[in-house]
Amino acid sequence: MQLRNPVMTASGTFGYGTEYTDFMDLGRLGGIFVKGTTLEPRQGNDYPRMAETPSGMLNAVGLQNKGVDYFVEHIYPVIKDYDTRMIVNVSGSTVEDYVACTEKLVGLEKIPAIELNISCPNVKEGGMAFGTSCASAAQVTRAVRKVYPGTLIVKLSPNVTDIAEIARSVEAEGADSVSLVNTFLGMAIDAESRRPKLSTVTGGLSGPCIKPIALRMVWQVFHAVNIPVIGMGGICNWEDAIEFILAGATAIQVGTYNFIDPSASVKIVEGIEEYLLRHNIASVTDLVGAMEMG
Amino acid sequence: MIPMKQLDFTVRSNDKLNDQNHLLKVVPSDNEQLPEMLPGQFVQILVENAQHTFLRRPISINNIVPERNEIWLLVQTVGEGTQKLCEMAVGGRLNMLVPLGNSFTIPSSRGSYLLVGGGVGTAPLLFLGKKLHERGIACDFLLGGASEQNILQRSDFTAYGTLYCTTEDGSLGEKGYVTHHPVLQHKKYDFIFTCGPKPMMVAVARYAHERGIRCEASLENLMACGFGACLCCVEKTTRGNVCACTEGPVFDINELTWLD
C-alpha cells in the first residue's frame, strides 16, 4: 500500500473521517484508520468513560460501534469517495469473530488495508488478551491472514514485557505491518467520593504523556522486524512525528490530539513538508530509522 | 446543520458575577462574522498555560448579540481549566470550536413556556428566553441556587419574561428547591426546558412527565472532543448509547432513561 504522505489518523479518535470534514480537508492525509469495527453491534461501556489526566486522558469506550454489516451497508458508501486511504480497524472477542468480521471487508474496493486490533484494553473478552502473548497474537494473525488478501496491519499493545517479541510473532504469520502503540492500561480515582473515575475502573491512557514510552517501543520494534512500522502515541505536532520517523516509523498516526486540535493532522503534514525542505531531504522515507548516534 | 468552525476569539470584557462565576464576552479576532448559533449549543475552548488541563472546556452559549458580533460565556470555576478562563484578561485570545451540539426546540406557536435552571445551568436559558422573546413568545423563568448571589443575570432574564426564584437558604425568592416553587402548582405549562444539576433536572422531568408536559433537558456529560469522534460523553437513551455532544446536549426527556 502506497501513501500520499506518512500522516494518518488513529482509530477511535477520528470516527469515520466524516466528523472532521468541517475542520479540514481529508484529502491532505496519508490515511484514516476508522473506528474499531466488530462482527456484532456493540453499545460499549457505561458512562463515565473518560477521565482527563495531566497531558492526556483515560478512556473506556469499549468499542462502541454498529457492527460490520452496518459499516458495509451505510458507512462505506459515504467514505469510499474520500480522497485518502481508508483503513478499517477490526476487533473481536474470539478468533472466529476476527475472521468473520474481516471476511465481510474483503472485496471492498476502497479499503486497501485492515488494522487488526489485538490491543483494546476496554473489553472484557478478547481485545488486548490476544495481544499480550506471542502465541495468541500469532494465532489470530494466522487465521485472518488466511482470509484477507489485502494489506494486513496488526496493532500492538504496549501492556507487555517485550513488545518486540510480539511484533516478531505476528511478522512470522504474515502481517504486512505493525502499528504501535495502543493505549496503556491505567486508572484514576476521585479522592472526594473515593470512587473510580471510569465505570470500568481501568481504562486506556493516551496523549502526550505516553509519547516517550511509545517512542522507545517503536525504536525497539523497528530493530526487531523487517516489515514497516507505523508509530503512534501522543503525537501532537510535526516534531513529534519526525521523532517517531527517526526512531523507525515508516508512517505515523495522530490520535488523541485530534480532540484538542481537529486540524492537527494537516498541520503535521505541512510541518513535515517544511522540515524536509529546510533540511534538503528528498523524501521522508530517507528519515525512517535515521536517528544518529554519538 | 450549521458547519462547525475553529476560530480565535478576543475577550472584550470579563466581569466577575460572584466568587465562582465570570461572564466573558468574546468576539472573533479577525472580525469574521459569527456563524449562526442556536440556544442550547455550546463551544469548546482551548485553555492555554494550564499544566493539568489537557482537554478543551465545553461551555454553553449564554447569549449572542449579533449587532455586536459577540458571544457571552458564563464560566463557573470548577478546576484549573475554568479558573484560567475566569482569569482571562481583556484583549486575551481564546481558540474555540463553534457552534457545537443540537439546540432546544423553538416552539412555533404561542403557549405557556417554563425555563427551569439551577446554578450555572441557567446559562443557556438566557439565550433561549431571548429567542422566544424575539418570536413574541412570553415565558417564565424559574431559577434556583444555594443563595441570592448564586442566581445570576437576574436583570437580563427579566427583560425576556417573568422571573421566579428559589434559594436553599431563603435569601431570595422561595426557600427550597425549584420543584417546590408554588408557581408549579398554580400555573399550567405546555413546554418545560431545563438545565442544571442532574438531580434537579430529574425532578423537573418527573414533574413534567407526570403531567404530560413536553420537556427538554440540556445535559453536561464529561466529554473530550465535543463533535462526535471520541464517544466518551454518551448518554443512555431509548435508542441506546448516543453522544451527548452531537445528538444532544438537549434531549426530550422521553428519550432518556432517567425515570425508568
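Nothing in this text is a laboratory measurement; each read-out follows from the coordinates by a stated rule. Quick caveat: nothing in here was measured; it's all calculated off a predicted structure. Ideal geometry is used to build each Cβ from the backbone, glycine not excepted, and the neighbour counts take in all protein chains shown.
For region B:66-140, applying the loop criterion from DSSP together with a ceiling of 13 other beta carbons within 10 Å to the trypsin sites (Lys or Arg not before Pro) yields B:R110, B:R135. Which of the three applies to the protein assembly as shown, rounded, prolate or oblate, going by the alpha-carbon gyration tensor with a ≥ b ≥ c and a/c under 1.5 meaning rounded? Cα axes put the protein assembly as shown in the prolate bin.
Computed from point charges on the beta carbon alone (+1 for Lys and Arg, -1 for Asp and Glu), the dipole magnitude for region B:219-260 about its Cα centre is near 140 Debye. Of the residues B:L97, B:Q76, B:L38, the one whose Cα sits farthest toward the positive end of the charge dipole of region B:5-100, with +1 on the Cβ of Lys and Arg and -1 on the Cβ of Asp and Glu, is B:Q76. Based on alpha carbons, the Rg and Dmax found for region B:95-158 are 13.0, 39 Å.
For chain B, the longest principal axis of the C-alpha atoms and the axis of helix B:123-134 are separated by about 70°. Counting 0.36 nm for each residue step from A:D83 to A:S263 and taking away their Cα separation leaves a gain of 63.2 nm.
Work from the charge dipole of the protein assembly as shown (Cβ charges, +1 for Lys and Arg, -1 for Asp and Glu, about the Cα centre) and give the residue of B:F9, A:C120, B:A205 farthest towards its positive end. Going by the Cα projections, it comes out as B:A205.
Going by the alpha-carbon gyration tensor, a ≥ b ≥ c the square roots of its eigenvalues, is chain A rounded (a/c under 1.5) or, if a/c is not under 1.5, prolate (a/b greater than b/c) versus oblate? Since a/c stays below 1.5, the shape of chain A is classed as rounded. Expressed in Å, the radius of gyration and Dmax of the Cα atoms of region B:5-100 are 12.2, 37.
Using a simple spin-label model with pseudo-atoms 7 Å out from Cα toward Cβ, A:R216 and B:E67 lie 6.2 nm apart. The charge dipole of the protein assembly as shown, taken about the Cα centre with unit charges on the Cβ atoms of Lys, Arg (+1) and Asp, Glu (-1), comes to about 740 debye, rounded to the nearest 20. Calculated [222 nm] ellipticity per residue, helices only, for the protein assembly as shown: -6000 deg cm²/dmol; basis is -39500 (n - 2.57) per DSSP H run with n ≥ 4, divided by all residues, nearest 500.
May I ask for the net charge around A:I79, where only other residues with Cβ less than 13 Å from the Cβ of A:I79 are counted and Lys, Arg are +1 while Asp, Glu are -1? Could the numbers behind the result be given before it?
On the way: positive: A:K35, A:K80, A:R85, A:K110; negative: A:E19, A:E73, A:D81, A:D83, A:E109.
Taking every Cβ under 13 Å from that of A:I79, the sum is -1.
Which aspartates and glutamates does B:K188 reach when only Cα atoms under 14 Å apart count, and residues fewer than 8 places away in its own chain are ignored? Answer for B:K188, where 14 Å is the Cα cut-off: B:D140, B:E210, listed by chain and number.
Once you have the Kirkwood Rh of region A:160-218 from its Cα pairs, apply Stokes-Einstein at 25 °C and 0.890 mPa s and quote D in µm²/s.
Rounded, D is 179 µm²/s.
For the pair A:V201 and B:N254, label points projected 7 Å from Cα toward Cβ lie 4.1 nm apart. If you run the Gaussian network model on chain B, springs between alpha carbon atoms under 10 Å, then out of B:L24, B:L55, B:L132 the most flexible one is B:L55. Computing FRET efficiency as 1/(1 + (r/R0)^6) for B:E80 and B:E148, where r is the C-beta to C-beta distance and R0 is 25 Å, gives about 0.35. When A:T250, A:T18, A:T38, B:T238 are sorted by how many other C-beta atoms sit within 10 angstrom of their C-beta, beginning with the fewest, the order is B:T238, A:T18, A:T250, A:T38. In the structure shown, do any of A:K35/A:K80; A:K35/A:K146; B:K5/B:K84 have a Cα-Cα gap over 21 Å, and if so which? Distance filter (> 21 Å) returns A:K35/A:K146; B:K5/B:K84.
Within region B:219-260, the percentage of alpha carbon pairs spaced more than 11 angstrom apart rounds to 59%.
In vacuum, with every alpha carbon of region A:88-149 counted as one equal point scatterer, what does the Debye formula give for log10 I(q)/I(0) at q = 0.12, 0.24, 0.26, 0.29 Å⁻¹? Two decimals, please. Rounded to two decimals, the profile gives -0.26, -0.96, -1.09, -1.28.
Here chain B is treated with +1 on each Lys and Arg Cβ and -1 on each Asp and Glu Cβ, and its dipole about the Cα centre works out to around 340 debye.
What the Kirkwood sum gives for region A:1-139 is a hydrodynamic radius of 15.8 Å, with every pair of different alpha carbons counted. Shape class of region A:224-292 from the Cα gyration tensor (axes a ≥ b ≥ c, square roots of the eigenvalues): oblate, since a/c reaches 1.5 or more and a/b does not exceed b/c. Summarised as an ellipsoid, chain B has semi-axes of 28, 21, 18 Å, derived from the eigenvalues of the Cα gyration tensor scaled by 5 and square-rooted, with the largest first. Shielding of peptide A:39-51 by partners, expressed as the average count of other chain Cβ atoms within 10 Å per residue Cβ, is 4.
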